[in-house]
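Below: one structure, written as structure tokens.
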Amino acid sequence: MSKFTIKELMRKNIVELTPYSSARNEFTGDAKVFLDANESALDFLGNLGRNRYPDPSHKKLKAKIAEVMELPQEKLVVGNGSDEMIDLLFRIFCVPGRDKVLIVEPTYGAYSVFAAINDIEVSTCHLQGDYSLDLRSLETIFKLMQNSTPEEGMHKLLFLCSPNNPTGNSFPLSEVVAIANKFPGITVVDEAYVEFSTKPSAVTLLEKCPRLVVLRTLSKGWALANARVGLALAPPAIVEAMHHVKYPYNLSGVAQDIAMEVLSQKEAMEENVATVKRERSRMAKELATFKFVEKVFPSDANFLLVRVNDPDAIYNYLRERGIIIRNRSNLRGCYGSLRITIGTEEENNLVLEALKEMEGRDG
């Protein structure tokens, strides 16, 4: 257990912050005339309300998310994609030039980018050869952190992406619990791909782990990447701080309306996820038959990590035919690997046909 409270881990200026408050934050009930925010009284688009600022508290959207996704509304923060949630955590907890964060690699590259933007040093612990967590190394790292303090600088955040990007595997909740309760700072579990997994969510650990934050998104399983709607589930002190630090109107009314509409189509979402899982299984089997494929890694996400004998040549061959995948061969732990998103049946067939042509040409 950490010897520091959540507020002791926060930056002092954030704890003492008086947040911006609009009249919409302070008003409850129904109003006929809005003359508080210096908006245009005329809506050029008719009666869509686009001339008005959106609800800064996302009340209706949060209620819908809680209902449909079965998440605790009181622990919920909504923002402009998971990226905003990640950046908020950096700004709330990490003092630039002094604090550090810990990530397990290979993983989502944005964690290190946000660290660099916020002038935060990154420490790494590498996954094992099968992409499982190296618990022994993490234990050693945690012991080295025992004497660090917020005043002198310490590791404030630890990021676990599960299912992990780009490896596709999930981490057992028993290991997440152990890590979250031993790491002295805030453990962040990024569940962007959780809809495609059969493994239980870390949301179930929020009561057991008092310094745990779980991230979700509507970009993947809910097919809403264009609208940029991300979620964080966290303890009350962190929820309050995130609401204080976020931009007053961080999620547009357009995005909120679209999210409400998509959340009303849960059955369609579940059908699509089931289709992706079937195609994922088919693609894994088909890809494994190619001579140049060395290994197709198991996946709980909507993509496959595939180790091949010449990743650059295969990547370039597909690109020349208008098929864009992700070359991950430059990442430590992913040497020789390509990441292929699961598309429609037609799109997946085009990939397979192109690879067959390549194999026939080289064979």
Mind telling me which of the residues TYR111, TYR131 ends up being within 18 Å of the chain's Cα centre (by Cα) and surrounded by 14 or more Cβ atoms within 10 Å (Cβ to Cβ)? TYR111
Condition broken by ARG228, with the remaining ones in (1) in contact with an Asp or Glu (Cβ under 9 Å, 6 or more places away or on another chain); (2) surrounded by 22 or more Cβ atoms within 10 Å (Cβ to Cβ) satisfied: (2)
Restricting the search to the range 140-171, which residues are in a loop (DSSP other than H, G, I, E, B) and hydrophobic (A, V, I, L, M, F, W, C)? MET145, MET154, PHE171
Part of a strand (DSSP E or B), among the small types (Gly, Ala, Ser) and surrounded by fewer than 23 Cβ atoms within 10 Å (Cβ to Cβ): does that describe SER137? no
Kindly indicate whether any position in the range 16-33 is surrounded by 13 or more Cβ atoms within 10 Å (Cβ to Cβ) and without any contact (Cβ under 8 Å) to a residue 24 or more places away in the chain. no
Would you check which residues across the range 197-219 are surrounded by fewer than 22 Cβ atoms within 10 Å (Cβ to Cβ) and touching a residue at least 60 places away in the same chain (Cβ under 8 Å) and list them? SER197, THR198, LYS199, VAL203, LEU206, PRO210, SER219
Log entry, pairs with first residue in the range 230-252 being among the polar types (S, T, N, Q), second being buried (at least 18 other Cβ atoms within 10 Å of the Cβ), beta carbons closer than 6 Å, six or more apart or on different chains, reads ASN250/GLY79; ASN250/ASN80; SER252/PRO54
Which of the strands (runs of 3 or more DSSP E) found entirely inside the range 180-265 contain at least 1 residues meeting this: more than 24 Å from CYS125 (Cβ to Cβ) and in the same structural domain as ASN169 (by TED's automatic domain parsing)? 212-217, 230-233
Search result, residues across the range 125-169 that are of a type in the set (Lys, Arg) and within 21 Å of ALA115 (Cα to Cα): LYS156
Can you say whether LEU102 is farther than 18 Å from ALA180 by Cα, assigned by TED's automatic domain parsing to the domain that holds VAL194 and of a type in the set (A, V, I, L, M), as far as the supplied structure shows? no
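The values are calculated or read from the model by the stated rules, or taken from the named source; none is laboratory data. These figures come from a predicted structure and were not determined experimentally. Methodologically, a virtual Cβ is constructed for each residue, glycine included, from the backbone with ideal geometry; neighbour enumeration extends over all protein chains shown.
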